[in-house]
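Asker: Dropping the structure in here first, questions after.
The values are calculated or read from the model by the stated rules, or taken from the named source; none is laboratory data. Bear in mind that the values here come from a model prediction, so they are computed numbers and not experimental data. Cβ placement follows ideal geometry from the backbone for every residue including glycine, while neighbour counts extend to all protein chains displayed.
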């Protein structure tokens, strides 16, 4: 099979291929297309730039020529790891299906959900999507995958690197098991092998080249950089990159510069643009419109240098790339194959140059082990004069920027002064002298060495002597001066014994009695109250019993309603406070004997008193009523 006409493709597809200028299929296309046309699962392994995209696009168009799509139920699905690769697959479908009435939808991030929902609602034959955006539409209920007839997974190893394997497994489970699966990858990791064994049914393995091998048309070279200082590594790498670009000259029609980090992408692009090179960045943090515009400009030849992350390392088909620069050695050895695969495509020659620093030795060893041969290298030593000359322009700029930032931090003072600067700085230093000498009083013109102010001593005293005499300075705060409250002796009060306190207490009370008598008069008042409690119960039962024994006629007269029952006892007790100082010991001695009866007797005596008072009230009311009736 040497022509596409021998592959039994749809005539409309063959017409589009002829208009695109292709006549002979690549090895991967020759082996994969016949198996895909008969409906078998295909596992394709080939290096980048061998035409894997056309290997599944052409048979899909032929198989989808018959049939009709329904709303929200696409007939085929193509999964791609990045937006750029998905957009490239969509371009291939538009190119080869322009004579066929097949609808297509592209579901990628950075675009409106509303526009994508409109395309899905109409019904699409080919759905091209990234895993994340596809699952977003499915979870929103805008998409159903039960009508999928053909499913394609492109760049499966890149899916593994980006962490999409769990999403791929979920999508496989959402599609019917009767589907046809086309699985393409440049490398086959153990995880990829597990997925193929689980979700592919008796696949045909198509391998046209050894795994992870670079094209023979690519010239590889390693430039070893020996930086002069560790902190100058990035600056000297950028200087080396500019030197390499200038050395290539006209042979460098366009090139891609790969960096490991997005931050380095922006820094390198800004540095090259500052030095007059036509360069622009592209990475995942940029808006999709900017990324699309930058890629279109690079394809059309309007942009010479494209500084990119690994977003552009997989699947981008830009045939006329002459050079690839690895500003950073890739961490994963497989990424090196994909990066340099952007050049030397479709039989063209290309050149790949990688910048190497000592920290990249372990990554380089893995790359050489993967490709099976050592990479030629040359060394650039920045400790020599030639290396210093190459990095001098940017070094001066960076040094100026650092000096400017240092001067801003220090209030505008710069250590790198010119010859006139010392004279300007010396003037303010001499002016304060007369002012400092004018401040002291004229009556003290002469001072001893130790009495001389420190401001005047600094000029004629050596620095070491001043440092030694720092201990002689007066201490401010807790020095020789100690507050008076710290010198007060409080130990006698804390160490006072019980005997001393017993002896001193009467005298202190006696001395303080005339002074504090007016203030502490209410203090002894509670003492008679405590003495009253045992005395009152003894008097109350007697009074209650005598009153109970008397005739009821006398009770009402002696006990009025408003007066309390204890009135006789209160009348007999007024003499107690006058004699209380002498009588205070007696209640303390008698109180313990009367305490057991105190809680019981008041309860018994209160009730009859309350009853007697009630009866007396009733008797008074009865007498009043009788008197009123008699008088009437």
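Asker: I'm told residue 23 meets every condition in (1) under 27 Å from residue 109 (Cα atoms); (2) in a loop (DSSP other than H, G, I, E, B) except one. Can you identify the failing condition by its number?
Answerer: Just one mismatch for residue 23, condition (1).
Asker: For residues that are within 14 Å of residue 89 (Cβ to Cβ) and under 34 Å from the mean Cα position of the chain (by Cα), tally how many sit in region 106-127.
Answerer: Selection size over region 106-127: 3.
Asker: Hey, another quick one. Which numbered condition in (1) over 38 Å from the mean Cα position of the chain (by Cα); (2) over 30 Å from residue 29 (Cα atoms) is the only one that residue 214 fails?
Answerer: Of everything listed in (1) over 38 Å from the mean Cα position of the chain (by Cα); (2) over 30 Å from residue 29 (Cα atoms), residue 214 misses just condition (2).
Asker: Do the conditions hold for residue 88, that is, is it surrounded by fewer than 24 Cβ atoms within 10 Å (Cβ to Cβ), in contact (Cβ under 8 Å) with a residue 24 or more places away in the chain and closer than 26 Å to residue 197 by Cβ? Quick ask: steps written out before the conclusion?
Answerer: Numbers: surrounded by fewer than 24 Cβ atoms within 10 Å (Cβ to Cβ): yes; in contact (Cβ under 8 Å) with a residue 24 or more places away in the chain: yes; closer than 26 Å to residue 197 by Cβ: no.
When the stated conditions are applied, residue 88 does not pass them.
Asker: Restricting the search to region 44-66, which residues are part of a loop (DSSP other than H, G, I, E, B) and touching a residue at least 12 places away in the same chain (Cβ under 8 Å)? Walk me through it before giving the result.
Answerer: Start the filter on region 44-66 by keeping residues that are part of a loop (DSSP other than H, G, I, E, B), which leaves 46-51, 64-66.
The answer is 46, 47, 48, 49, 50, 51, 64, 65.
Asker: Also, quick follow-up: Would you say residue 184 is touching a helix residue (DSSP H, G or I) at 6+ places or on another chain (Cβ under 8 Å), at pLDDT 90 or above and on the phi < 0 side of the Ramachandran plot? It would help to see each step written out before you state the result.
Answerer: On the way: touching a helix residue (DSSP H, G or I) at 6+ places or on another chain (Cβ under 8 Å): yes; at pLDDT 90 or above: yes; on the phi < 0 side of the Ramachandran plot: yes.
Taking the combined requirement at face value, the residue satisfies it.
Asker: Filter region 312-330 down to residues that are farther than 19 Å from residue 245 by Cα and surrounded by 21 or more Cβ atoms within 10 Å (Cβ to Cβ), then give me how many there are. Step through it out loud before you land on a result.
Answerer: Looking only at region 312-330, we keep the residues that are farther than 19 Å from residue 245 by Cα, and these are 312-319, 330.
Okay, now just the ones that are also surrounded by 21 or more Cβ atoms within 10 Å (Cβ to Cβ), so 312-316, 330.
Matching residues across region 312-330 total 6.
Asker: Related question: What single numbered condition from (1) part of a loop (DSSP other than H, G, I, E, B); (2) free of Cβ contacts under 8 Å to residues at least 60 places away in the same chain; (3) in contact with a helix residue (DSSP H, G or I) (Cβ under 6 Å, 6 or more places away or on another chain) fails to hold for residue 128?
Answerer: Looking at each condition in turn, residue 128 falls short on (1).
Asker: Those residues that are at negative phi, surrounded by fewer than 19 Cβ atoms within 10 Å (Cβ to Cβ) and touching a strand residue (DSSP E or B) at 6+ places or on another chain (Cβ under 6 Å), I need them from region 36-59; list them, please.
Answerer: Keep residues of region 36-59 that are at negative phi, which gives 36-38, 40-48, 50, 52-59.
Next, from what is left, pick out any that are surrounded by fewer than 19 Cβ atoms within 10 Å (Cβ to Cβ): 37-38, 40.
Across region 36-59, the qualifying residue is only 40.
Asker: From the residues in region 18-32 that are surrounded by 20 or more Cβ atoms within 10 Å (Cβ to Cβ) and without any contact (Cβ under 8 Å) to a residue 40 or more places away in the chain, which one is farthest from residue 205 (Cα to Cα)?
Answerer: Ranking the candidates gives 25 first.
Asker: Considering only region 66-74, I want to know if a residue exists there that is within 15 Å of residue 182 (Cβ to Cβ) and crowded, with 20+ Cβ neighbours inside 10 Å. Don't jump to the end; show me each part of the working.
Answerer: In the first step, residues of region 66-74 are kept if they are within 15 Å of residue 182 (Cβ to Cβ); the result is none.
No.
Asker: Is it the case that residue 359 is within 20 Å of residue 263 (Cβ to Cβ) and surrounded by fewer than 20 Cβ atoms within 10 Å (Cβ to Cβ)? Lay out the reasoning, then the answer.
Answerer: Values: within 20 Å of residue 263 (Cβ to Cβ): yes; surrounded by fewer than 20 Cβ atoms within 10 Å (Cβ to Cβ): yes.
Criteria met by residue 359.
Asker: May I pose another question? Keeping to region 281-337, report how many residues are in a loop (DSSP other than H, G, I, E, B) and touching a residue at least 12 places away in the same chain (Cβ under 8 Å). Step through it out loud before you land on a result.
Answerer: Restricting attention to region 281-337, the residues satisfying the condition of being in a loop (DSSP other than H, G, I, E, B) are 283-287, 300-304, 309, 313-322, 327-332.
Then drop every residue that is not touching a residue at least 12 places away in the same chain (Cβ under 8 Å), which leaves 283-285, 287, 301, 303-304, 309, 313-322, 327-332.
Residues that pass the stated criteria total 24.
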